[in-house]
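Novice: Before I ask anything, here is the structure I am working with.
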Ligand code: FES
């Protein structure tokens with residue numbers, strides 16, 4: 001049986017055929033619901049069910065479990081993942097329309113710098129080559145696709161605030177990775193890359209004015225750095241607590257720089273957390289989400305931004321909800337695209 005879906009914010013509606021997922025039907029109708037991975041991992045397609053109900057069943061109707069990118073607490077709060085959810089009634093859904101930014105645009109970029117930050121993380125700086133009459137609007141937290149030259153691409157979050165000129169990236173080496181290990185090793189300043197940007201809807205929500213708890217693992221720091229750079233010297237900057245989870249001291253590739261941010265962000269607290277620290281490390285140990293829990297017994301008044309490993313994000317959603325965190329004020333970007 002078909003079901004009708006109405007998108008509250010835009011007034012658009014579309015029909016979902018029996019066995020179809022909400023996102024599949026929206027895309028068939030050329031309705032731009034936000035999405036990325038399309039397999040239930042990244043959480044980008046999260047929608048709020050204002051009316052109606054959905055289930056997570058296979059196309060042949062077998063009952064399934066919640067997808068990885070949706071916690072039981074989010075489901076309980078009325079959220080669903082459009083790429084996996086199949087309606088069991090007509091729906092009214094709420095989801096913020098795609099960001100006010102440019103449509104993804106193919107362009108060339110010149111390599112300005114390639115520098116190893118650690119044996120596994122490279123700082124890549126590109127200069128965008130925009131036609132004179134083109135203005136590209138993008139938001140801190142979004143990402144770019146780098147074309148590999150064989151029809152494939154790799155996605156990287158931008159690690160610098162938008163300035164229309166240069167863009168920084170933190171590229172983590174994936175063993176055997178076509179770009180992250182092989183191509184980047186041969187990149188030199190002056191070379192050209194084809195890129196497509198902007199993509200993604202992980203960004204700072206200024207309208208959600210609350211103390212910020214930002215939690216990153218690994219290069220999940222990149223989009224958070226971009227957001228925080230955009231907040232520097234801003235008198236409307238809320239209090240910021242940044243928790244960065246890594247394995248060892250040597251992995252903390254921006255440790256010194258982050259400590260200087262306290263001069264330019266309001267009530268900035270930086271807490272690096274190491275899961276495999278040496279004996280000489282005097283800072284926090286363990287998992288980064290546990291450090292947040294140890295410091296903040298009540299998360300009900302915070303806006304929370306999570307970026308990095310799917311495991312950290314899934315654990316944090318559950319644990320933070322138990323401390324009162326509202327799923328309406330929690331934003332996540334799960335690095336599910338770890339392809340070679
Ligand atoms: Fe649905 Fe990634 S697009 S979870």
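Novice: Between 204, 169, 179, which is modelled with pLDDT of 90 or more and part of a loop (DSSP other than H, G, I, E, B)?
Specialist: 204
Novice: If a residue has to be in a loop (DSSP other than H, G, I, E, B) and within 15 Å of residue 115 (Cα to Cα) to count, how many in region 182-201 make the cut?
Specialist: So the answer is 5.
Novice: Could you say whether any residue in region 149-157 is touching a strand residue (DSSP E or B) at 6+ places or on another chain (Cβ under 8 Å) and loosely packed, with under 15 Cβ neighbours inside 10 Å?
Specialist: yes
Novice: Right, another one. So is residue 191 at pLDDT 95 or above and surrounded by fewer than 20 Cβ atoms within 10 Å (Cβ to Cβ) or not?
Specialist: The answer is yes for residue 191.
Novice: Are there any strands (runs of 3 or more DSSP E) wholly within region 1-117 with 3 or more residues that are within 30 Å of residue 318 (Cα to Cα), and if so which?
Specialist: The strands (runs of 3 or more DSSP E) meeting that bar are 3-7, 46-51, 79-81, 91-94.
Novice: A follow-up question, please. Can you tell me which condition residue 1 does not meet? The list is (1) away from the ligand (no atom under 16 Å from the Cβ); (2) within 19 Å of residue 96 (Cβ to Cβ), and all the others hold.
Specialist: Residue 1 satisfies all of (1) away from the ligand (no atom under 16 Å from the Cβ); (2) within 19 Å of residue 96 (Cβ to Cβ) except (2).
Novice: Does region 93-112 contain at least one residue that is more than 19 Å from the chain's Cα centre (by Cα), away from the ligand (no atom under 13 Å from the Cβ) and within 23 Å of residue 206 (Cα to Cα)?
Specialist: Yes.
Novice: Considering each of 27, 66, 81 in turn, give the residue that is within 16 Å of the ligand (Cβ to nearest atom) and touching a residue at least 24 places away in the same chain (Cβ under 8 Å).
Specialist: 81
Novice: For region 234-251, give me each residue that is buried (at least 18 other Cβ atoms within 10 Å of the Cβ) and under 12 Å from residue 275 (Cα atoms).
Specialist: 244, 245, 246, 251, listed by residue number.
The values are calculated or read from the model by the stated rules, or taken from the named source; none is laboratory data. On a predicted model such as this, the values are computed, not experimentally measured, just so you know. No Cβ is skipped: glycine too gets one built from the backbone with ideal geometry, and neighbour counts run over all protein chains shown.
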